[in-house]
Amino acid sequence: MKNNGVDFYTAVPKLHNCAQAVAAGAGREDLVESFAVCGGGKAPGGLCGALHAALALAPESEHEMIKAAFAEKAGALTCREIKGGSLFPCAECVRVAAELTEKYL
């Protein structure tokens, strides 16, 4: 993986949402534009955008493992639950999703 995604997410000026940062960190610039609509709780099913990107990048056979590992760290799978029920910041979601992407790619 070229970058852990957090650098893209925290860069100034802000050019990437959480999903885009995971894709860019994985070297998948071809997906960055399509993930523009996946930040801020707008990923399909309300998933965390960073998690959505990790799932899009990983083989389908690994999706359940990724979801379980992500939920263990973030406390939930959806943006609303993560933001509303815990103090787990978005940058940490990006970090966890990027690590899981690297592990399961």
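The values are calculated or read from the model by the stated rules, or taken from the named source; none is laboratory data. If you're wondering where the values come from, they're calculated on a predicted model, not measured in any experiment. Note: ideal-geometry Cβ built from the backbone for every residue, glycine included; neighbour counts use all protein chains shown. Accessible surface areas use protein heavy atoms only, side chains included; no ligands, DNA or RNA. Shrake-Rupley method; radii C 1.70, N 1.55, O 1.52, S 1.80 Å.
Does region 31-43 contain at least one residue that is among the β-branched types (Val, Ile, Thr), under 20 Å from PHE8 (Cα atoms) and modelled with pLDDT of 95 or more?
Scanning region 31-43 turns up at least one residue that is among the β-branched types (Val, Ile, Thr), under 20 Å from PHE8 (Cα atoms) and modelled with pLDDT of 95 or more.
Just to be sure before I move on: is LEU105 hydrophobic (A, V, I, L, M, F, W, C), in contact (Cβ under 8 Å) with a residue 60 or more places away in the chain and open to solvent by 80 Å² or more (accessible area, probe 1.4 Å) in the structure I sent?
Taking the combined requirement at face value, the residue satisfies it.
Listed here are the residues, each with its yes/no results for (1) open to solvent by 60 Å² or more (accessible area, probe 1.4 Å); (2) of a type outside the set (Ser, Thr, Tyr).
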site: GLY5; (1), (2): no, yes
site: HIS16; (1), (2): no, yes
site: ALA24; (1), (2): no, yes
site: SER34; (1), (2): yes, no
site: GLY41; (1), (2): no, yes
site: HIS52; (1), (2): no, yes
site: GLU62; (1), (2): no, yes
site: MET65; (1), (2): yes, yes
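Scanning for something within 11 Å of the chain's Cα centre (by Cα), open to solvent by 60 Å² or more (accessible area, probe 1.4 Å) and among the basic types (Lys, Arg), does region 80-102 turn up at least one residue?
Checked region 80-102: at least one residue is within 11 Å of the chain's Cα centre (by Cα), open to solvent by 60 Å² or more (accessible area, probe 1.4 Å) and among the basic types (Lys, Arg).
Kindly provide the set of residues from region 47-100 that are closer than 18 Å to LEU31 by Cα, outside any helix (DSSP H, G or I) and out of contact with any Phe, Trp or Tyr (no Cβ under 6 Å at 6 or more places or on another chain), ordered by number.
Scanning region 47-100 gives LEU47, CYS48, PRO59.
Pairs only if they're at least six apart or on different chains, beta carbon under 7 angstrom, first in region 15-41 and at positive phi, second assigned to a loop (DSSP other than H, G, I, E, B) and surrounded by 19 or more Cβ atoms within 10 Å (Cβ to Cβ); list them, first residue then second.
GLY40/ASN17
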